[in-house]
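Worksheet: one structure, shown below.
The values are calculated or read from the model by the stated rules, or taken from the named source; none is laboratory data. Everything numeric here is computed off the predicted structure, so don't read it as measured data. All Cβ positions, even for glycine, are placed from backbone atoms using ideal geometry, and neighbour counts span all protein chains on display. Ligands, DNA and RNA are excluded from the accessible area calculation, which covers all protein heavy atoms including side chains. Shrake-Rupley method; radii C 1.70, N 1.55, O 1.52, S 1.80 Å.
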Amino acid sequence: MLAAADAVFAELGPAASTEEVARRAGVSIGTVFRHFPTKDALIEAVVVGRLTTLAVEAEQLRDATDPDSAFLTFARRWIDLSASKHRFAVALAHSGADIGTIRSANPEVGRRVHEAVAALLTHAQRAGSIRQDLTAADVIAILAGASHAQEHIGPDPQQRAHLLSVTIDGLRPR
């Protein structure tokens, strides 16, 4: 159900119907509402799922033997996932849903993402591939900005790779 909801909301925004989510998931609308009593609860679960995916991926990469490659892999994944998440968040804000409530209802997932990014960053900094003056909050802000920029350059893989390269170059030691 969550995968179907993620796909529906990414494609159609949070205004999409729960009936469409149920149809794509191959379940009845009653099944959707048994698991998620409100549409906002379903939307929250999708947002938390995306953040959890990022945290898990960062955690899996943190002990890689090549910290630079691990950091680049994660940055690329963050930007790809977050670009669609940003479109979703903008649509969510326009729908009238309380994004602040969604964030505050799940502080654990935010903490987990922050800690996983911090571990990846520290590993890459120790290897000398990322600037020492950066914090996890800096990296998260930079990757969020790069994600937003992806929306403006479109789907061209060469342009996307170039943007990632420019972003990473800014994170490199001087």
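Largest first and to the nearest Å, give the Cα extent of the range 111-174 along each principal axis.
Sorted largest first, the three principal extents are 33, 29, 15 Å.
Over the chain, give the accessible area per residue in Å² for a 1.4 Å probe, as an integer.
Numbers: 9030 Å² over 174 residues.
Normalised by residue count, the accessible surface of the chain is 52 Å².
If you wrap the chain's Cα atoms in a convex hull and average its projection over all directions, what's the area in nm²?
On the way: hull surface 42.2 nm².
Average projection, Cα convex hull of the chain: 10.6 nm².
Under 19 Å from a point placed 7 Å out from the Cα of residue 162 along the Cα-to-Cβ direction: which residues of the range 121-154 have their backbone N that close?
146-154
Would you mind telling me the share, in percent, of accessible area of the range 1-49 contributed by carbon and sulfur at probe 1.4 angstrom? Before the final figure, lay out the partial values.
Working: 1400 of 2410 Å².
The nonpolar share, carbon plus sulfur, comes to 58 percent.
Mind listing the long-range amide H neighbours of residue 131? Cut-off is under 5 Å, sequence gap 5 or more, other chains count too, H placed in the peptide plane at 1.01 Å from N.
172
Work out the FRET efficiency for residue 153 and residue 11 from their Cβ-Cβ distance, taking R0 = 22 Å, and round it to the nearest 0.05.
Efficiency, rounded to the nearest 0.05: 0.65.
Label-point separation (nm) for residue 144 and residue 33, each offset 7 Å from Cα along Cα-to-Cβ?
Rounded to a tenth, the inter-label distance reads 3.5 nm.
Applying the Karplus parametrisation 6.51 cos²θ - 1.76 cosθ + 1.60 with θ = phi - 60° to the phi angles of the range 111-120, what ³J(HN,Hα) value in whole Hz is obtained for each residue in order, glycine and proline being reported as x?
5, 5, 4, 4, 5, 5, 5, 4, 5, 4
What ranking do 116-124, 146-154 get when scored by the average of other Cβ atoms within 10 Å per residue, highest first?
Working: 116-124: 21.0, 146-154: 15.3.
Output ranking for 116-124, 146-154: 116-124, 146-154.
Given just the C-alpha atoms of the range 1-80, how large is their convex hull per residue in cubic angstrom?
Values: hull volume 7.1 nm³, N = 80.
Hull volume normalised by residue count: 89 Å³.
At what distance in nm do the modelled label points of residue 63 and residue 133 sit from each other, each positioned 7 Å from its Cα along Cα→Cβ?
The modelled label-to-label distance comes out at 3.4 nm.
Can you pull the semi-axes for the range 26-73, root of five times each eigenvalue of the Cα gyration tensor, sorted largest first, whole Å? Provide the component values of the computation, followed by the final result.
Numbers: eigenvalues 250, 18, 10 Å².
In descending order, the three semi-axes are 35, 10, 7 Å.
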